[in-house]
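Here the structure is laid out as structure tokens; the discussion comes afterwards.
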Amino acid sequence: MYKLVLLLPLLFWGCQPPASTNEKVRPVKEVVMDDLKRPWSIAFLSDNEALVTEKDGNLLRVNLQTGERAIVQGIPVDRTDSTVTKVEDATSLHYPRGIAAGLKTTFNEGLLDVVLDPAFATNQRIFLTYVASGEGGTTTRAISGQLKDDSLTNIKQILLASPYSDGSFHYGGGMTFGQDGKLYITVGDRLFSEARQPALPYAQDVADTRGMIYRFNPDGTVPADNPSFSQSVVPGAYAYGIRNVQGLAVHPLSGNIWFTEHGTIQGDEVNLLQAGANYGWPIQTTGRYRAPNYQPPVLENETFTPPKWFWRHTVAPTGPVFYTGDEFPAWQYDLLVPGLSGGSLWRFRIEKQTIKSTEELFVDARIRARKIAQSPAGYLYLLTDEVDGKILRIKPDTRD
């Protein structure tokens, strides 16, 4: 009944009129930087300078005004990039359909998120997630390091989501600092198809690192007020039942953390993070399974937290932001969510813990969007997921 109970109210919300708009302020996109290798995330050092991660490349220090860029040295040698490699069987459920025989494109590997320490002005510390390789395959790793000129030094591991496993899917890698000063990190369930789920699915096993949202102190220790699950819980575990979360955003007034979730066939979601919550994957989903005959186990005494929103089509939502700038007055405190599928960019009007209305932007100018971010001065920037990746400035159209 989970799907039916959710479907009716959420479809009703989806039919609401768009959030109120000021027709005199129309958004347009302007290219401020190109020739990037699938940029994944951006962290602003100032209004003009930023750190940018490239999924297929490097950690860059860029100047958005002059276009200058420099490679930040010192990334650990276990990072792995998106490549094309030989495989024995490219037709198994392990890999997506459409991959050429004998080849596997590891299109999800590389550098992921980058965020600044809340005390960056004094300690110059940054946090980075990336796909790490090791014996048995790859996994998600989170580190901190001190930025000195164009080098990363004094590196410390925050999280290694062992075990390493094969399959280039669902690393998660989203990060944010909450208003509580804690670092939140996401790790996906690492499976393309449900056919490979164990009897107790990875995302439902609190002793497994996969399918989790974590919460750490900036030094990597576990906060004393993290939720208690069981004696065998993974250190730092904060919420579970996650398929693949790539982005989190903190509401500037309430401090609530919202996150996007990749579904399977449909089932993309927007969720509100709650301590100790089980978001249901793969027991409950608003989409359909990739493995048509998959039957999830029945888990007794489990309460599943439903999404605040789900789409009836595939969006592949990525890194969101709450808007607090001045250029678009009607967007104040709205949640902006980009997407890979169809090049979506969505605006959500939220009241307390309820999504009241939605609007899809740039419907006539779609482009695969990986991350939307706001500079210290309140300017909006959008990263495009392309071989020739771009940083776009979203600004008001001043034309008559």
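Would you mind computing, in nm to one decimal, how far apart the modelled labels at residue 363 and residue 179 are, each placed 7 Å from Cα along Cα→Cβ?
3.4 nm
Which whole-number value in Å³ per residue fits the convex hull of the alpha carbons of the stretch 268-346?
Cα convex hull per residue, to the nearest whole number: 114 Å³.
Please compute the Cα-Cα pair-distance distribution of the stretch 270-400 with 5 Å bins starting at 0, giving whole percents from short to long.
2, 9, 16, 18, 18, 14, 10, 6, 3, 2, 0, 0, 0
Along the Cα→Cβ direction, 7 angstrom out, place labels at residue 133 and residue 266. What is the inter-label distance in nm?
If labels sit at residue 133 and residue 266, their model points lie 3.9 nm apart.
Where only protein heavy atoms count, and the probe is 1.4 Å, what is the accessible area per residue for the stretch 160-232 in Å²?
Each residue of the stretch 160-232 exposes 35 Å² on average to a 1.4 Å probe.
How high is the FRET efficiency between residue 48 and residue 78 when r is their beta carbon distance and R₀ equals 41 Å, given to the nearest 0.05? Each step should come with its number before you reach the end.
Numbers: r = 32 Å, r/R0 = 0.79.
Computed FRET efficiency for residue 48 and residue 78 comes out at 0.80.
With the calculation restricted to Cα positions, what are the radius of gyration and Dmax of the stretch 327-400 in angstrom?
When restricted to the Cα atoms of the stretch 327-400, Rg and Dmax are 12.9, 39 Å.
May I ask you to work out the translational diffusion coefficient for the chain at 25 °C, viscosity 0.890 mPa s, via Stokes-Einstein with Rh from the Kirkwood sum over Cα pairs, reported in whole µm²/s?
115 µm²/s
Hey, can you grab everything whose amide H is under 5 Å from the amide H of residue 112? Only 5+ residues off in sequence or another chain; H modelled, so Pro and N-termini drop out.
Amide H neighbours of residue 112, under 5 Å, 5+ apart: 129, 130, 131.
Output ³J(HN,Hα) for the stretch 147-164: one whole-Hz value per residue in order, computed from phi by the Karplus curve 6.51 cos²θ - 1.76 cosθ + 1.60 with θ = phi - 60°, and x for Gly and Pro.
Here the 3J(HN,Hα) series is 8, 10, 6, 10, 9, 9, 10, 6, 6, 9, 7, 9, 8, 10, 7, 5, x, 5 Hz.
Between 371, 156, 352, which gets the highest mean-square fluctuation from a Gaussian network model of the chain, Cα cutoff 10 Å?
With Cα springs under 10 Å in the chain, the top fluctuation among 371, 156, 352 is at 352.
Past 19 Å, Cα to Cα, is the threshold; run 356/395; 29/390; 37/390; 182/352; 371/395; 308/356 against it and keep the listed order. Intermediate results must be reported in sequence, preceding the final value.
On the way: 356/395 25 Å; 29/390 11 Å; 37/390 9 Å; 182/352 22 Å; 371/395 16 Å; 308/356 10 Å.
In this structure, 356/395; 182/352 lie more than 19 Å apart at Cα.
What is the calculated FRET efficiency for residue 254 to residue 356, with r their C-beta to C-beta distance and R₀ = 22 Å, to the nearest 0.05?
0.90
Along the Cα-to-Cβ line of residue 397, 7 Å from the Cα, sits a label point; which residues in the stretch 361-379 have backbone N less than 17 Å from it?
361-367
Per the helix-only calculation at 222 nm, which mean residue ellipticity applies to the chain, given -39500 (n - 2.57) for every DSSP H run of n ≥ 4 and division by its residues, nearest 500 deg cm²/dmol?
Numbers: 2 runs with 17 residues, N = 400.
Helix contribution divided over all residues of the chain: -1000 deg cm²/dmol.
Kindly report the accessible area of the stretch 247-370 per residue (heavy atoms of protein chains, probe 1.4 Å, no ligands, DNA or RNA), in Å². Don't skip to the answer; put the middle values down first.
Details: 4880 Å² over 124 residues.
With all protein chains present, the stretch 247-370 gives 39 Å² per residue.
The values are calculated or read from the model by the stated rules, or taken from the named source; none is laboratory data. None of these values were measured; they are calculated from a predicted model. When we count neighbours, we look across all protein chains shown, and the Cβ atoms used for this are built from the backbone with ideal geometry, even at glycine. To get the accessible areas, we keep the full protein, side chains included, count just its heavy atoms, and leave off ligands, DNA and RNA. Shrake-Rupley method; radii C 1.70, N 1.55, O 1.52, S 1.80 Å.
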